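First up is the structure itself, then whatever we jot down about it.
We did not get these values from a lab; they are worked out from the coordinates using the rules stated. Values in this document were obtained by computation on a predicted structure and should not be read as measured data. In this analysis, Cβ positions are derived from the backbone assuming ideal geometry, glycine residues included, and neighbour counts consider all displayed protein chains.
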Ligand SMILES: *Cc1c(COP(=O)(O)O)cnc(C)c1O
């Protein structure tokens, strides 16, 4: 009945399916790539010291303080920084700001936006919802992105780096190749996991105005709960994101997120230590799994992408769930046999390894 009132677009919408957040029992949660450690103690302190009375007031629509803090952190100008309610929101804004829909009269409309066939599964959802032609390019047999394939005629490129769910990483030399293929073509690099990887594309911003880097507080900063993401790029690109936002919602970042976002940046030592710990655990678990004969990619993110020698992805997911360990499995036949396992604490990974060995 209610569908009679839905518009055509909504009737056909696919929707991204986020990982489960179960309430029924305590799981070891290795399914949504949250950091297993708490946010910085500086964040706790800032939260405690927040003046609740000020919540009466709208936040700063220009987010001056947070953007200045981020600009300083990355040695950029405030005009090169956009902040928003999680990086998914920024990605959605990008589809509206930079990509021509299929039926647009613009010259680039016939050309596709390129992405990896096995990549972040939100991109096809946005493409469908905003009517943008998206072309998915297959990975190489080793599951790496083949940069040369992206030289074809296209209106833009959007990829995650490290890629999800493979965890594989392209270095800045490979990204330069991508950026040089057509300097009139925008390249969006979604760096949700880059703090667990060797280097960031942010240093390429001074050479390329066709680059836009998207970042989030949700993974490496252990702040998925405050919904805070940001984009770094040439001021002209940032301005475009502001225009999309200002036609949607003037206040996408609330006062709590702003305050905690600034506090998190001030604790560089804690941040470096959490990333280092995570990477150490990741490498140890990789070694253990390889010793068990498990096939896995050399992930540079905070998750592993692995394949059980005999069981299907669904069976691994189910078998682990019954033992109280939650991992992510995707129904897509392209991903058959694989599960994605977020890196938890050393103790959690010990339980995971024991549960996995029992399968
Ligand atoms: C988790 C994730 C995001 C979303 O991050 P939010 O800031 O929490 O919206 C974006 N891109 C990729 C590749 C991710 O894995």
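Some points to look at:
- Sorted ascending by nearby beta carbons within 10 Å, beginning with the fewest, 230, 169, 129 become 129, 169, 230.
- Each principal axis of the Cα cloud of segment 97-207 was taken in turn, and the coordinate range along them, longest first, works out to 41, 29, 24 Å.
- A quarter of the convex hull surface defined by the alpha-carbon atoms of the chain gives 19.7 nm² as the mean projection.
- Residue-averaged 222 nm ellipticity for the chain, from DSSP H runs of 4+ at -39500 (n - 2.57), nearest 500: -10500 deg cm²/dmol
- Cα-based shape type of segment 258-349, given that a ≥ b ≥ c are square roots of the gyration tensor eigenvalues and the cut on a/c is 1.5: prolate
- Going by neighbour counts of Cβ atoms within 10 Å, the residues 308, 73 line up, fewest first, as 73, 308.
- Shape class of segment 164-277 from the alpha-carbon gyration tensor: oblate, with a/c at 1.5 or above and b/c at least as large as a/b.
- For the pair segment 291-307 and segment 142-198, the centres of their Cα atoms are 21 angstrom apart.
- Counting other Cβ atoms within 10 Å as a rough exposure proxy, the listed residues 123, 335 run 335, 123 from fewest neighbours to most.
- When Rg and the Kirkwood radius Rh are both evaluated on Cα atoms of segment 210-262, their ratio Rg/Rh stands at 0.99.
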